[in-house]
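Q: If you scroll down you'll find the structure; I have some questions about it.
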Amino acid sequence: MEKKDRRIVVAVDESQESMYALSWCITNLISDTKNNNKLVLLYVRPPSAVYSLDAAGYIFSNDMIDAMEKYSMQLANSVMKRAEAICRNMNATIINMEKVVGIGDAKNVICSAVHKLEADTLVMGSHGYGFFKRALLGSVSDHCAKHAKCPVVIVKHP
């Protein structure tokens with residue numbers, strides 16, 4: 001019986017935890033090169049500000065908004081380069097890889113992207129927040145575990 005091609009989405013961000021989840025995924029889910037796996041690196045940028053008020057109520061200038069947008073793009077490129085470096089360092093260069101950058105609230109964008117990409121598995125890191133911090137900040141991985149339309153693997157950094 002021939003195995004189906006698998007599409008594995010790994011949510012990456014600036015954190016060490018997400019990069020560990022990527023390396024875990026390569027080692028544990030994609031190490032068998034006989035399968036035709038597709039690895040999708042997914043990074044979510046915050047939404048662009050059309051106009052924004054700071055704490056004092058001032059409207060940011062177009063130059064400031066452009067600078068924030070440029071920084072956001074540079075950050076996305078930096079995260080993807082780090083993720084690609086991890087793949088190279090793990091001799092995973094023969095993996096069929098795709099990079100996707102979404103914009104919006106991370107938990108919603110990840111769940112939506114998993115559905116649109118028809119992912120077989122979602123892999124993401126856990127920041128390991130305690131109860132109170134998770135209650136205040138929310139947890140992207142908890143949300144995705146409950147709402148993603150595929151199995152979710154949450155990798156804890158040792």
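The values are calculated or read from the model by the stated rules, or taken from the named source; none is laboratory data. Computed from a predicted structure; not experimentally measured. Backbone-built Cβ (ideal geometry, glycine too); neighbour counts: all protein chains shown. For accessibility, only protein heavy atoms count, side chains too; no ligands or nucleic acids. Shrake-Rupley method; radii C 1.70, N 1.55, O 1.52, S 1.80 Å.
Q: Look through the range 91-111, keep the residues that are outside any strand (DSSP E or B) and modelled with pLDDT under 90, and return whichever of them is least open to solvent (accessible area, probe 1.4 Å).
A: Ala92
Q: Follow-up question, since we're still on this one. Which condition number does Gly57 fail, the rest of (1) open to solvent by less than 60 Å² (accessible area, probe 1.4 Å); (2) of a type outside the set (D, E, K, R); (3) under 29 Å from Asp142 (Cα atoms); (4) modelled with pLDDT under 95 being met?
A: Of everything listed in (1) open to solvent by less than 60 Å² (accessible area, probe 1.4 Å); (2) of a type outside the set (D, E, K, R); (3) under 29 Å from Asp142 (Cα atoms); (4) modelled with pLDDT under 95, Gly57 misses just condition (3).
Q: Residues of the range 42-53 being at pLDDT 65 or above and open to solvent by 30 Å² or more (accessible area, probe 1.4 Å), which ones?
A: Those that are at pLDDT 65 or above and open to solvent by 30 Å² or more (accessible area, probe 1.4 Å): Pro46, Pro47, Ser48.
Q: May I ask you to say which residue of Leu29, Leu39 is at pLDDT 90 or above and either under 19 Å from the mean Cα position of the chain (by Cα) or not acidic (Asp, Glu) (or both)?
A: Step by step, each of Leu29, Leu39 is checked, and only Leu39 is at pLDDT 90 or above and either under 19 Å from the mean Cα position of the chain (by Cα) or not acidic (Asp, Glu) (or both).
Q: Just for the range 63-90: of the residues that are in contact with a helix residue (DSSP H, G or I) (Cβ under 9 Å, 6 or more places away or on another chain) and open to solvent by 80 Å² or more (accessible area, probe 1.4 Å), which one is modelled with the lowest pLDDT?
A: Asn89
Q: I'm told Lys133 meets every condition in (1) at pLDDT below 90; (2) assigned to a helix (DSSP H, G or I); (3) buried (at least 16 other Cβ atoms within 10 Å of the Cβ) except one. Can you identify the failing condition by its number?
A: Against the list (1) at pLDDT below 90; (2) assigned to a helix (DSSP H, G or I); (3) buried (at least 16 other Cβ atoms within 10 Å of the Cβ), Lys133 comes up short only on (3).
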